[in-house]
Amino acid sequence: MAPSPTVVVLPGYEDSDPEHWQSRWCAAHPEYRRIAGLDWHRPERTAWVRALRAVIREVDGPVVVVAHSLGSVTVACLGADAPPNLRAALLVTPCDTEQPGFPDAIRGFSPMPAGRLPFRTTLVASRDDPWMRADRAAALAAEWGSTLVDAGAVRHLNVESGHGPWPAGERLLEELAGP
């Protein structure tokens with residue numbers, strides 16, 4: 001029987017506050033490994049990708065990453081250089097770093113990663129996300145080879161949009177982490 005994957009959680013720009021669904025999941029599951037030590041307010045693409053890759057490589061066994069916003073873009077930046085134990089990723093409302101009006105602090109993550117990802121991914125998109133148009137999310141999901149999940153009109157799927165708990169996301173994670 002294959003070992004259960006280790007869940008690695010990667011927040012986005014400015015981190016996830018204690019009421020955010022990612023923080024709640026980590027509090028409920030102390031076995032999850034949350035990426036720490038990054039500059040959440042002045043993100044740097046190379047540092048974020050290096051930190052994610054290092055944490056995945058530290059795990060002896062399969063890994064499933066749960067990423068939000070800029071964290072989702074970071075996962076896609078791994079591309080073909082992803083550690084071989086990265087089995088899957090839940091990419092929740094990735095932000096479009098090429099979108100006009102985006103914070104200058106994130107411009108270093110442009111251009112958006114291109115090409116099929118070598119691990120399973122589910123991309124959760126919102127119909128009214130201010131940081132990624134729904135049609136752009138669908139195009140990225142197709143390019144990355146992701147299963148696209150339309151979450152409806154849920155804005156950026158964070159505390160500001162009313163998402164502290166997110167049970168539907170937990171079910172998506174269970175599907176990805178399963179056999």
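Computed quantities for the displayed model
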read-out: 12 Å beta-carbon shell around PRO118, net charge (K/R +1, D/E -1); value: +2
read-out: Cα-only radius of gyration and Dmax that characterise the chain, units Å; value: 14.7, 49
read-out: Residues whose placed amide H lies under 5 Å from that of LEU148, excluding near-sequence neighbours; value: LEU123
read-out: Relative packing of peptides 141-148, 74-81 - highest average C-beta neighbours within 10 Å first; value: 74-81, 141-148
read-out: Net charge of neighbours whose Cβ lies under 11 Å from the Cβ of VAL159, counting Lys and Arg as +1 and Asp and Glu as -1; value: -1
read-out: 222 nm mean residue ellipticity, helices alone, for the chain (DSSP H n ≥ 4; -39,500 (n - 2.57); rounded to 500); value: -9000 deg cm²/dmol
read-out: HIS68, HIS20 arranged by Cβ crowding within 10 Å, fewest neighbours leading; value: HIS20, HIS68
read-out: Net charge contributed by nearby residues that have their C-beta within less than 13 Å of ASP39 (K/R +1, D/E -1); value: 0
read-out: Whole-Å distance, taken between Cα centres, linking the stretch 41-88 and the stretch 92-112; value: 17 Å
read-out: Among ARG87, ARG136, ARG155: highest mean-square fluctuation, GNM of the chain, C-alpha pairs under 10 Å; value: ARG136
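Every read-out reported here was derived from the displayed coordinates using simple, explicitly stated rules and does not represent laboratory data. All of these numbers come straight from a predicted model, not from anything done at the bench. Glycine gets a Cβ as well: all are built from the backbone with ideal geometry, and neighbour counts include every protein chain shown.
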